[in-house]
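Taking it in order: structure first as structure tokens, then the write-up.
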Amino acid sequence: MTAEDLTKYGLVPAARVRIEDRKLIIDITDSNTVDLEGCIYAFLIGGKVVRIGSSKAPLRGRLKNYERHITHALKGEKSPAPAQEAEKWSELLPAGKSGDIYARQGTMVTTSPVGNFRAYMDEESILIGKLFSEEPHDHILNRCKYR
């Protein structure tokens, strides 16, 4: 999955990501997009998607959690992110290399039984399935093929 694929799915660049001094740093480039709720996002590093996720709350908060959790794991500190994931981040983002974070709000769906809702979690699941079916698994940061 590439930037072209993400654009086809309606995602837009929203932030940049890099590692400096064993610290994950995310620089916001589109404040409106990172303030969206009920959205899907993807990390693109080296021209390839390496992680797909979703966020019920504003994406900005999820990205701050990535910074905190991955940084703790990179430093060998207690973190919800496993040490193996931190190692992959380090391999994908060596010194001087950066990546992009793409995002968009989930599609609004209307059904007669429940009314309107954002289908961001379903969209995330579909994109994760596509990612695992198309890419070598050694560079994918999602811990599971399914959400």
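Bear in mind these aren't lab numbers, they're just calculated from the coordinates by the rules spelled out. What you are looking at is a predicted structure, and each value in this text was computed from that prediction instead of being measured. A quick note on method: Cβ atoms are made from the backbone with ideal geometry, for glycine too, and the neighbour counts reach across all protein chains shown.
Counting other C-beta atoms within 10 Å, which of S54, S125 has the fewest, and how do the rest follow?
Working: S54 22, S125 17.
The most exposed by this proxy come first: S125, S54.
List the pair-distance distribution P(r) of segment 9-90, using every Cα-Cα distance, as the percent of pairs falling in each 10 Å bin from 0 up to the bin containing the longest distance, rounded to whole percents.
18, 51, 29, 2
Report, by chain and number, residues whose modeled amide H sits under 5 Å from the one on L24, excluding near sequence neighbours (fewer than 5 apart, same chain).
T71
Between D21 and A119, how high is the FRET efficiency from 1/(1 + (r/R0)^6) when r is the Cβ-Cβ distance and R₀ = 25 Å? Nearest 0.05.
My answer for the efficiency is 0.05.
Please list 15-22, 69-76 highest first by mean number of surrounding beta-carbon atoms within 10 Å per residue.
Result, highest mean Cβ count within 10 Å first: 69-76, 15-22.
Run lengths n ≥ 4 of DSSP H only: what is the helix-derived mean residue ellipticity at 222 nm for the chain, with -39500 (n - 2.57) per run over all residues, to the nearest 500?
The per-residue figure over the chain is -10500 deg cm²/dmol.
If the elastic network links every pair of Cα atoms under 10 Å, which of E123, E37, E87 fluctuates the most in the Gaussian network model of the chain?
E87
What area, in nm² and to one decimal, does the C-alpha convex hull of the chain cast on average over all directions?
8.8
Using θ = phi - 60° and the Karplus form 6.51 cos²θ - 1.76 cosθ + 1.60, what ³J(HN,Hα) does each residue of segment 58-73 get, whole Hz, x for Gly and Pro?
Computed from phi, the couplings for segment 58-73 are x, 4, 3, x, 4, 5, 5, 5, 4, 4, 5, 5, 5, 4, 4, 5 Hz.
I want to make sure I understand the PRE zone here: with the label point 7 angstrom from the Cα of S31 toward its beta carbon, which residues in segment 51-94 have backbone N atoms less than 17 Å away?
Counting only backbone N, you get 58-61, 64.
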